Amino acid sequence: MMSRTYFTIEVAKAAGISRMTLIRWLRAGKIRPPQRNAHGYRIWRREDIKRVISYKKDHYRKRKTSPRKKAGGMRSKKSKP
């Protein structure tokens with residue numbers, strides 16, 4: 001019996017990252033790539049998803065964003081007389 005396989009987008013959603021972040025990590029060699037089928041599509045399995053989630057927990061931190069300024073905070077340039 002064949003185990004369930006997942007699409008790249010499903011793996012990314014399960015890990016809470018974007019598809020492009022997952023692809024970037026694969027290309028950078030940060031996570032082990034999954035097997036591919038005869039057509040070249042990635043074959044993600046449950047073990048692969050666990051590895052991605054584990055990598056994220058151990059190595060990935062969300063960027064801290066600075067608080068947004070209130071609207072209307074821009075100053076207009078003073079014109080010289």
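The values are calculated or read from the model by the stated rules, or taken from the named source; none is laboratory data. Remember, predicted model here, so these are calculated numbers, not experimental data. Here the Cβ is made from the backbone with ideal geometry for all residues, glycine too, and neighbour counts use every protein chain on show.
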Quiz item: Where residues in segment 7-24 are among the charged types (D, E, K, R) and either touching a residue at least 24 places away in the same chain (Cβ under 8 Å) or surrounded by fewer than 14 Cβ atoms within 10 Å (Cβ to Cβ) (or both), which of them is nearest to HIS39 (Cα to Cα)?
Solution: GLU10
Quiz item: Do we have any residue at all in segment 59-71 that's modelled with pLDDT under 90 and part of a helix (DSSP H, G or I)?
Solution: yes
Exercise. Within segment 1-25, work out how many residues are of a type outside the set (Val, Ile, Thr) and not in a loop (DSSP other than H, G, I, E, B).
Key: 11
Quiz prompt | Count of residues meeting criterion [loosely packed, with under 13 Cβ neighbours inside 10 Å and of a type in the set (Asp, Glu)] in segment 25-54 | solution = 1
Practice problem: Among residues belonging to segment 31-55 that are part of a loop (DSSP other than H, G, I, E, B) and hydrophobic (A, V, I, L, M, F, W, C), point out the one that is farthest from GLY16 (Cα to Cα). | Solution: ALA38
